[in-house]
Amino acid sequence: MQRFTLPRDLYFGENALDYLKTLEGSKAVIVIGGGSMKRFGFLDKALKNLEEANIEVKLIEDVEPDPSVETVMKGAEVMREFNPDWIISMGGGSPIDAAKAMWVFYEYPEATFEEICVPFSFPKLRKKAKFIAIPSTSGTATEVTAFSVITNYATGVKWPLADFEITPDVAIVDPSLAETMPATLTAHTGMDALTHAIEAYVGLTHQPFTDPLALEAIKIVFDCLKDSYGGDKDAREMMHYGQCMAGMAFSNALLGIVHSMAHKTGAAFSTGHIPHGCANAIYLPYVIKYNAKADASRYAAISRFLGLEGECDECLVDSLCDKINEYNIYLGIPKSMQEFGILEDEFLAKVDNIADLAIGDACTGTNPRTPTHDEMVKLLTCCYYGTSVEF
Ligand code: FE
């Protein structure tokens, strides 16, 4: 038996934020990040709408990028004191991911972070509150997914939390929020969305229900990401919907080792974070080559759907990788970890351990090819030096 779960309601299009005027309840917390929702007036708009709905509001502000376990625990404590019946999270992936994890500890104060790191083992939520997600970036699709990524800074490891219990009840996909994204963030989050759709389409647990969403999302990214990067309003709107469709696909079909590698390298180096979407964009063509060595057919199907050239499955895989590389160049994404600025000595010292962690990541189990430790070391090494994958 398989499962396909999405939010109960999805509001989209211009002024979708007005849905908040009709909300029923008495208290809501709004979880936001560093201030862009305030600066661009979206927080005020949300507050006004909630006032019209007669809902008392408390803010949880300043969730950092790549939110920490500490931020989650602090937010949950605020929720326990205030007792909201709605949790509203607004902004990029980080405040929404953090709010999802806060929700668990709000409803289950005795739970530990270690317990909820076990995928699909969450206790039943919605005994105290329901959850609304309002994304301002077009990539993570956390507004429709069963996932949240929390960073343990003590160990430098990002933990993907996974359970359909944290799939939001309502997603508000209002394109005006995504219009404010800076170009680099547009590039990184757009390539994250592309990776979600491709990994969902080729993964071991892809479904008849997720395949059409994944293919259409891939097409939307290739049609709209360059213009969206350039600031075109209509392209940004389509990217906001396309990334959401990719999210619907991967929340149910799950992901693969591009994400395993991004999760475990993101916070691993002293030279600073590799932004999630940037890491995915770098690793994606290498992983496609690696996976396609075992079975090229699903990648070939993507290429055919896009109308790319190629006489055989392997040729179609090459065309797909060429297209991804062309987008990476256009979007200013480095070709390798070395080009990104990670130090060679540090990479070589850590690659063995990172390979182990990546293999143990929750996303590895659904990858179409199961990597051995040696293969993962070799794959990471190709991604570091930008050399071609021949195994
Ligand atoms: Fe992602």
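The values are calculated or read from the model by the stated rules, or taken from the named source; none is laboratory data. Computed from a prediction, not measured in an experiment: that's the story for all the values here. Neighbour counts run over all protein chains shown; Cβ positions are idealised from the backbone, glycine included. Each accessible area value is taken on the protein alone, full model and side chains, heavy atoms only, with ligands, DNA and RNA left out. Shrake-Rupley method; radii C 1.70, N 1.55, O 1.52, S 1.80 Å.
When you go through (1) out of contact with any Asp or Glu (no Cβ under 7 Å at 6 or more places or on another chain); (2) closer than 22 Å to residue 224 by Cα one by one for residue 295, which number turns out not to apply?
Only one criterion is unmet by residue 295, namely (2).
Which residue pairs have Cβ atoms under 8 Å apart, sit 6 or more places apart or on different chains, and have a first residue in segment 256-281 that is assigned by TED's automatic domain parsing to the domain that holds residue 196 and open to solvent by 10 Å² or more (accessible area, probe 1.4 Å) and a second that is assigned to a helix (DSSP H, G or I) and within 11 Å of the ligand (Cβ to nearest atom)?
Hits for this filter: 275/188; 276/93; 276/188; 276/192; 276/262.
Counting only residues that are among the hydroxyl-bearing types (Ser, Thr, Tyr), within 13 Å of the ligand (Cβ to nearest atom) and either surrounded by fewer than 24 Cβ atoms within 10 Å (Cβ to Cβ) or not in a strand (DSSP E or B) (or both), how many does segment 139-175 have?
Residues flagged as among the hydroxyl-bearing types (Ser, Thr, Tyr), within 13 Å of the ligand (Cβ to nearest atom) and either surrounded by fewer than 24 Cβ atoms within 10 Å (Cβ to Cβ) or not in a strand (DSSP E or B) (or both) within segment 139-175 amount to 3.
Of 254, 320, 284, which residue is aliphatic (A, V, I, L, M) and farther than 25 Å from residue 385 by Cβ?
Result: 254 is the single residue among 254, 320, 284 that is aliphatic (A, V, I, L, M) and farther than 25 Å from residue 385 by Cβ.
Restrict the check to segment 292-304 and report whether at least one residue is closer than 24 Å to residue 6 by Cβ, modelled with pLDDT of 95 or more and open to solvent by less than 10 Å² (accessible area, probe 1.4 Å).
yes
Quick check on my filter: what residues within segment 1-56 are surrounded by 15 or more Cβ atoms within 10 Å (Cβ to Cβ), of a type in the set (Val, Ile, Thr) and either within 22 Å of the chain's Cα centre (by Cα) or farther than 30 Å from residue 73 by Cβ (or both)?
The answer is 30, 31, 32.
What are the pairs, 6+ residues apart or on separate chains, where a residue within segment 206-217 that is of a type in the set (Phe, Trp, Tyr) has its Cβ under 7 Å from a residue that is assigned to a loop (DSSP other than H, G, I, E, B) and open to solvent by 10 Å² or more (accessible area, probe 1.4 Å)?
Close Cβ pairs (under 7 Å, with a partner that is assigned to a loop (DSSP other than H, G, I, E, B) and open to solvent by 10 Å² or more (accessible area, probe 1.4 Å)) amount to 209/4.
Quick check on this structure: which one of 355, 349 is of a type outside the set (D, E, K, R), out of contact with any strand residue (DSSP E or B) (no Cβ under 8 Å at 6 or more places or on another chain), open to solvent by less than 70 Å² (accessible area, probe 1.4 Å) and assigned to a helix (DSSP H, G or I)?
355
Right, residue 253: farther than 18 Å from residue 306 by Cα and within 16 Å of the ligand (Cβ to nearest atom) or not?
For residue 253, the condition - farther than 18 Å from residue 306 by Cα and within 16 Å of the ligand (Cβ to nearest atom) - is met.
Would you point out the residue of segment 81-122, among those that are over 22 Å from residue 361 (Cα atoms) and free of Cβ contacts under 8 Å to residues at least 12 places away in the same chain, that is least open to solvent (accessible area, probe 1.4 Å)?
Among residues in segment 81-122 that are over 22 Å from residue 361 (Cα atoms) and free of Cβ contacts under 8 Å to residues at least 12 places away in the same chain, the one least open to solvent (accessible area, probe 1.4 Å) is 110.
Looking only at segment 261-273, how many residues end up being outside any loop (DSSP other than H, G, I, E, B) and within 11 Å of the ligand (Cβ to nearest atom)?
Count: 2.
Output yes when any residue across segment 220-237 is away from the ligand (no atom under 16 Å from the Cβ), over 19 Å from residue 324 (Cβ atoms) and among the hydrophobic types (A, V, I, L, M, F, W, C), and no when none is.
Checked segment 220-237: no residue is away from the ligand (no atom under 16 Å from the Cβ), over 19 Å from residue 324 (Cβ atoms) and among the hydrophobic types (A, V, I, L, M, F, W, C).
Being out of contact with any strand residue (DSSP E or B) (no Cβ under 6 Å at 6 or more places or on another chain), within 14 Å of residue 194 (Cβ to Cβ), modelled with pLDDT of 95 or more and surrounded by fewer than 24 Cβ atoms within 10 Å (Cβ to Cβ) narrows it down to one residue among 223, 232, 313; which is it?
223
Just checking, does segment 281-290 include any residue being more than 12 Å from the ligand (Cβ to nearest atom) and within 14 Å of residue 364 (Cβ to Cβ)?
yes
Quick check on segment 189-199. Is at least one of its residues more than 15 Å from the ligand (Cβ to nearest atom), assigned by TED's automatic domain parsing to the domain that holds residue 365 and open to solvent by less than 30 Å² (accessible area, probe 1.4 Å)?
No - not one qualifying residue is present in segment 189-199.
Quick one: which of 263, 240, 273 is in contact with a helix residue (DSSP H, G or I) (Cβ under 7 Å, 6 or more places away or on another chain) and either on the phi < 0 side of the Ramachandran plot or not acidic (Asp, Glu) (or both)?
240
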